[in-house]
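The next block holds one structure in the form of structure tokens; read it before the comments.
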Amino acid sequence: SDEQVNALVRGLLDAGVTYFDTAPAYGVSEERLGRALSPRPAQVVISTKVGEVFENGVSEYRFDAAHVRASVATRAARLGAPRDIVLIHAPADDVAVLAESEAVASLVALRAEGLIRAIGLSGKTPRAAELALDWADAIMIEYHSRDRSHEDVIAAARRADVGVIVKKGLASGELPADEAIRFVLSNPDVDSLVIGGLSLEHFAANAEVAAEVAQSKRC
């Protein structure tokens, strides 16, 4: 329910969570998150995406300039301003999306116009992530102990001053949270790890592990 969502988000804020990720492909996530974070705490950063829409059990991808601009306007209305991070929500052929569609040019233009603060790619392949380093402020990649294929790109992103956000860090729930969080966040070139869930107790435990890793990095 909306009440449960609001309670969960408040609990996450109390646990020190400051970064929230969503997308139009995640059902009513944007609307619910926008309401739960209103009024918006100053420290909160939200990332959302353009390109994929999930309706009636089917994903549809649109990367033309008109759709990207309209999608960004919709995202802003649902989540509020400023539009922190907007990522390209790419399918398996992510390299083709970057090379052949209007998505990159559209996001670059929107950033130049001040309508988006930061842009990037949520992709599938290391090659697409590597190509994104030329224009992106951040990349979202899958990375965990069973899939280290993006490790070179993660290091390259740090050299290029591009942020690294890790998705599926628990291998879609197949890895123990404590072990997986420590593995991902112990990489000095990873900036943030996105974890999904419905249990505030689990989130609080995960936040404690993340804080321990952060403290060890500082020491």
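General remarks:
- Residues located in segment 32-78, provided they are under 20 Å from E100 (Cβ atoms), assigned to a strand (DSSP E or B), open to solvent by 60 Å² or more (accessible area, probe 1.4 Å) and charged (D, E, K, R): E60
- Pair list, Cβ < 6 Å and 6+ apart or interchain, from segment 102-131 residues that are closer than 14 Å to T48 by Cα to residues that are assigned to a helix (DSSP H, G or I) and open to solvent by 30 Å² or more (accessible area, probe 1.4 Å): I119/R111
- Test: residue in segment 109-117 that is open to solvent by 50 Å² or more (accessible area, probe 1.4 Å), in contact with a Gly (Cβ under 9 Å, 6 or more places away or on another chain) and of a type in the set (D, E): no
- Members of segment 20-31 found to be at pLDDT 95 or above and either aromatic (F, W, Y) or in a helix (DSSP H, G or I) (or both), listed by number: F20
- Restricting attention to segment 89-134 and to residues that are closer than 19 Å to P24 by Cα and among the β-branched types (V, I, T), the residue that is modelled with the lowest pLDDT turns out to be I116.
- Being within 22 Å of V86 (Cα to Cα), crowded, with 17+ Cβ neighbours inside 10 Å, among the small types (G, A, S) and in contact with a strand residue (DSSP E or B) (Cβ under 9 Å, 6 or more places away or on another chain) is not true of A210.
- Any pair with Cβ under 9 angstrom, 6 or more apart, that starts in segment 171-198 at a residue that is closer than 17 Å to T22 by Cα and ends at one that is among the polar types (S, T, N, Q) and surrounded by fewer than 13 Cβ atoms within 10 Å (Cβ to Cβ): L198/Q4
- Enumeration of residues in segment 173-198 that are open to solvent by 40 Å² or more (accessible area, probe 1.4 Å), more than 17 Å from the chain's Cα centre (by Cα) and either closer than 21 Å to L8 by Cβ or among the charged types (D, E, K, R) (or both): G173, E174, D178, E179, R182, L198
- Within segment 193-219, considering residues that are assigned to a helix (DSSP H, G or I) and touching a Lys or Arg at 6+ places or on another chain (Cβ under 7 Å), the one farthest from F183 (Cα to Cα): V209
- On inspection, A99 does not qualify as more than 25 Å from S172 (Cβ to Cβ), open to solvent by less than 50 Å² (accessible area, probe 1.4 Å) and either out of contact with any helix residue (DSSP H, G or I) (no Cβ under 8 Å at 6 or more places or on another chain) or of a type in the set (G, A, S) (or both).
The values are calculated or read from the model by the stated rules, or taken from the named source; none is laboratory data. Worth saying up front: this structure is predicted, and the values here are computed from it rather than measured. Reconstructed Cβ throughout: ideal geometry from the backbone, glycine too, with neighbour counts over all protein chains shown. Keep in mind that these areas ignore ligands, DNA and RNA; they rest on the heavy atoms of the full protein, side chains included. Shrake-Rupley method; radii C 1.70, N 1.55, O 1.52, S 1.80 Å.
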